[in-house]
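Note sheet for the following structure.
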Amino acid sequence: SVMREEKIKKTKTVCTFCGVGCSFNIWTKGREILKVEPQLESPANGISTCVKGKFGWDFVNSEERLTKPLIREGDTFREAEWEEALSLVSRKFKEIKEEHGPDALTFISSSKCTNEESYLMQKLARGVIGTNNIDNCSRYCQTPATMGLSRTVGYGGDAGTIKDIETAGLVLIVGSNTAESHPVLATRVKRSHKLKGQKLIVADIRKHEMAERSDLFIQPRPGSDIVWLSAVTKYIIDQGWADEQFLRDRVNGMEEYVENLQKFTLEYAEETTGISKETLIKIAEMIHGAKSAVILWAMGVTQHLGGSDTSTAISNLLLVTGNYGKPGSGAYPLRGHNNVQGASDFGSMPNQFPSYEKVKDDKVRAKYEQAWGVKIPAEPGLNNHEMIKGIHDGNVKAMYVKGEEMGVVDSNINFVHEAFEKLDFFVVQDIFFSRTAQFADVVLPASPSLEKEGTFTNTERRIQRLYKVFEPLGDSKPDWEIIMAIANQLGAEWDYSHPSDIMAEAAQLAPLFAGVNYERLEGYKSLCWPVDADGSDSPLLFKEEFPFDDGKAKLYPVDWTEPLEYAEEYDIHVNNGRLLEHFHEGNLTYKSEGIKSKTPSTFLEVSPELAEERGLKDGTLVRLSTPYGNVKVKCHITDRVKGKEVYLPMNDSGEGAINLLTSSHADKDTDTPAYKEVKAKLEILSQE
Ligand code: SF4
């Protein structure tokens, strides 16, 4: 009734704009959002939020929201009812499976959707279709970090909590624009640095805010982090500063590791990275002198040909210095999307079930086969990089993408678009008619986080509940309901009445979440995995042991993979990343007027040196081109970048989209695109 609509309602939710996982009450009246109010008890953020969490929500009421299923007719789409859309989807899935086998179908889950939805998406792929071809967009960002940590310490997650970072003696940030990408987490570092004498070292090719605040800032050559990290580690060992007792009691593989490390001398590192020997020694001294150290890293490390190896080198350094298992220590790969962590945790990966249990493990497979009453293939499926290749090769015929703007964020997008066009059948499920949806045969309208219940897992492995603020707009539906409807059309008999039922099933099967249930997560309560059956959780990992057979961590030898080579004419290195105001490619924040008006279009950061050399001014329109495509963008001259280093923010899906420039080259161990290894030539199109 009108009376009820006018009541002010307060609902707890979790922010969807980054992996920090801020939680707050949203005040609403009808569909109007009155304010966002963080609570003292908000575990990740206390009473703070950043601009996106505070003002980024009006997209939920955007006129551009999808409110009806769409079915392609020639070059256009027509609106349809759910029944028609769902039976078309299930009929086509069935046909393709019968004709080409289950592995001709591929599934992409979303790191913006809930844990329960990622669980269901992998259950649909594995349990209903019968393929392990399921992946999520952590493949674009943090899979190399997960790999580096799995090799060395066993769990691919932050070693402690965000709050715990405050107690570290030293914070080392490598390849992360933390102040803009993880604002509320960065605030904690800024505060400790200013008030508690915490030391801060930043390694980046761009002088961003945290670099300006740091005690020591280094600008290594692009793609060379592994070399200086290894040289610093070697120097620490050579000086006798390694934590001998920790290594003896808790770590395997020292001998082989040290042998491989010998090539990383200070001289070699200086020559390769451009960082002087004196500075490398200074870094080693600062780490040695600190009571504890944490290392934060992000895409500047992972999106390279050797992204997994550099992540491994970070973890090796922490092991050598005994910086695991005590407060204020450990590895912090910073997750980008709100639920990057959870999408992988809950099994949307081609080689792993929920809880990172291996598809190849017969016992694990048997457990799921029994629980789901199906047969699951023993071979890992295709990751999203391989799916695109598979379409080009003619092996993949259908794709179901849920909540991912693959047609903008994947690398080498011209190649990706060509693949989309070759698909026999393409289903895109989203809240907006995305660039990716333009290629679809069927578009299914989903509901954003404010219109559903479920859980997200933030970068510190913290599982938090979100509550429904609004009813789904128009005919849109929560993703879990859509996946269940498709599964049931295909003959499954799923009867989840609420996301808590899905969590209950996952908790029974996946050891990391044994004690997770909705009561234990009520309101602002939260749990950091692993969670034992009795409900005790693990804010700080590795206190007594590492999750390997003998309880010990492993030092894992790694080598440098040299960056991609380009022909000489491609002489400009194009770095890329986020802006504070925008969420990734901007697909949500561009729909929020409050944010769009502040940062309307993209720009290219150019150093004063390069500007001088090429005659560039603020506003000069240039074309950057690589062998894969080109972008047009206006220049902004700034000393945040130096020399032939330019920076292109990633929040553009039109003529300035970074992935028109990127290649299909990828991290050798995980296939994460080498987004950061781009060289281009620059031409002036017009002066403003
Ligand atoms: Fe949202 Fe991240 Fe900002 Fe927190 S820091 S309000 S989670 S975008």
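The values are calculated or read from the model by the stated rules, or taken from the named source; none is laboratory data. Everything numeric in this text was worked out from a predicted model, so none of it was measured. Ideal geometry is used to build each Cβ from the backbone, glycine not excepted, and the neighbour counts take in all protein chains shown.
Annotations
- Taking the range 460-485 as the range and being in contact with a helix residue (DSSP H, G or I) (Cβ under 6 Å, 6 or more places away or on another chain) and within 27 Å of Tyr356 (Cα to Cα) as the test, the residues that pass are Glu460, Arg465, Leu466, Asp479, Trp480, Ile483, Ala485.
- Residues (among the small types (Gly, Ala, Ser), assigned to a loop (DSSP other than H, G, I, E, B) and buried (at least 19 other Cβ atoms within 10 Å of the Cβ)) located in the range 272-291: Ala290
- Matching residues in the range 608-651 - criterion: being within 22 Å of Asn177 (Cα to Cα), of a type in the set (S, T, N, Q) and in contact with a Leu (Cβ under 7 Å, 6 or more places away or on another chain): Asn651
- Within this structure, Glu405 fails the test of being within 22 Å of Leu120 (Cα to Cα), more than 20 Å from the chain's Cα centre (by Cα) and in the same structural domain as Glu519 (by TED's automatic domain parsing).
- Meets criteria (under 21 Å from Lys190 (Cβ atoms), surrounded by 24 or more Cβ atoms within 10 Å (Cβ to Cβ) and among the β-branched types (Val, Ile, Thr)) for Ile295: yes
Residue-wise test of (1) of a type in the set (D, E, K, R); (2) in contact (Cβ under 8 Å) with a residue 60 or more places away in the chain.
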residue	(1), (2)
His498	no, no
Gln508	no, yes
Phe513	no, yes
Arg520	yes, no
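- Filtering Glu117, Glu98 for residues that are under 30 Å from Glu180 (Cα atoms), more than 16 Å from the ligand (Cβ to nearest atom), at pLDDT 95 or above and of a type outside the set (A, V, I, L, M, F, W, C) leaves a single hit, Glu117.
- Answer residue from the range 537-568, given it is farther than 26 Å from Leu261 by Cα and small (Gly, Ala, Ser) and is farthest from the chain's Cα centre (by Cα) among those: Ala567
- Extreme residue, nearest to the ligand (Cβ to nearest atom), among residues of the range 58-72 that are in contact with a strand residue (DSSP E or B) (Cβ under 6 Å, 6 or more places away or on another chain) and not in a loop (DSSP other than H, G, I, E, B): Leu70
- Checklist (1) more than 27 Å from Tyr332 (Cα to Cα); (2) in a helix (DSSP H, G or I) applied to Ala492, failing item: (2)
- From the list Thr455, Thr459, the lone residue that is assigned to a strand (DSSP E or B), among the polar types (S, T, N, Q) and either touching a Pro at 6+ places or on another chain (Cβ under 6 Å) or under 29 Å from Gly523 (Cα atoms) (or both) is Thr455.
- The C-beta contact set for the range 106-123 (first residue in a loop (DSSP other than H, G, I, E, B), second residue at pLDDT 95 or above and of a type in the set (Asp, Glu), distance under 6 angstrom, 6+ apart or interchain) comprises Cys113/Asp479.
- Here Ala533 meets each of (1) at pLDDT 95 or above; (2) surrounded by 14 or more Cβ atoms within 10 Å (Cβ to Cβ); (3) of a type in the set (A, V, I, L, M, F, W, C) with one exception, condition (2).
- Test for Ala44: is it surrounded by 21 or more Cβ atoms within 10 Å (Cβ to Cβ), touching a helix residue (DSSP H, G or I) at 6+ places or on another chain (Cβ under 6 Å) and either at positive phi or of a type in the set (A, V, I, L, M, F, W, C) (or both): yes
- Among the conditions (1) surrounded by fewer than 19 Cβ atoms within 10 Å (Cβ to Cβ); (2) modelled with pLDDT of 50 or more; (3) within 30 Å of Lys35 (Cβ to Cβ), the only one that Lys596 does not satisfy is (2).
- For the range 329-436, the helices (runs of 4 or more DSSP H) that sit wholly inside it and include 3 or more residues that are under 30 Å from Pro547 (Cβ atoms) are 340-345, 362-372, 384-393.
- Of all positions in the range 96-116, at least one carries a residue that is crowded, with 23+ Cβ neighbours inside 10 Å and basic (Lys, Arg).
- Where strands (runs of 3 or more DSSP E) fall wholly inside the range 138-250, the ranges with 1 or more residues that are free of Cβ contacts under 8 Å to residues at least 40 places away in the same chain are 199-203, 216-218.
- You will find that of Glu569, Glu562, Glu545, the residue that is surrounded by fewer than 21 Cβ atoms within 10 Å (Cβ to Cβ), at pLDDT 95 or above and part of a loop (DSSP other than H, G, I, E, B) is Glu545 and no other.
- Looking only at the range 129-148, and only at residues there that are surrounded by fewer than 24 Cβ atoms within 10 Å (Cβ to Cβ) and at pLDDT 95 or above, the one that is farthest from Leu541 (Cα to Cα): Gly130
- Test: Gly491 is surrounded by fewer than 18 Cβ atoms within 10 Å (Cβ to Cβ), over 24 Å from the mean Cα position of the chain (by Cα) and on the phi > 0 side of the Ramachandran plot: yes
- Within the range 15-57, considering residues that are within 19 Å of Glu471 (Cβ to Cβ) and touching a Lys or Arg at 6+ places or on another chain (Cβ under 8 Å), the one farthest from the ligand (Cβ to nearest atom): Lys29
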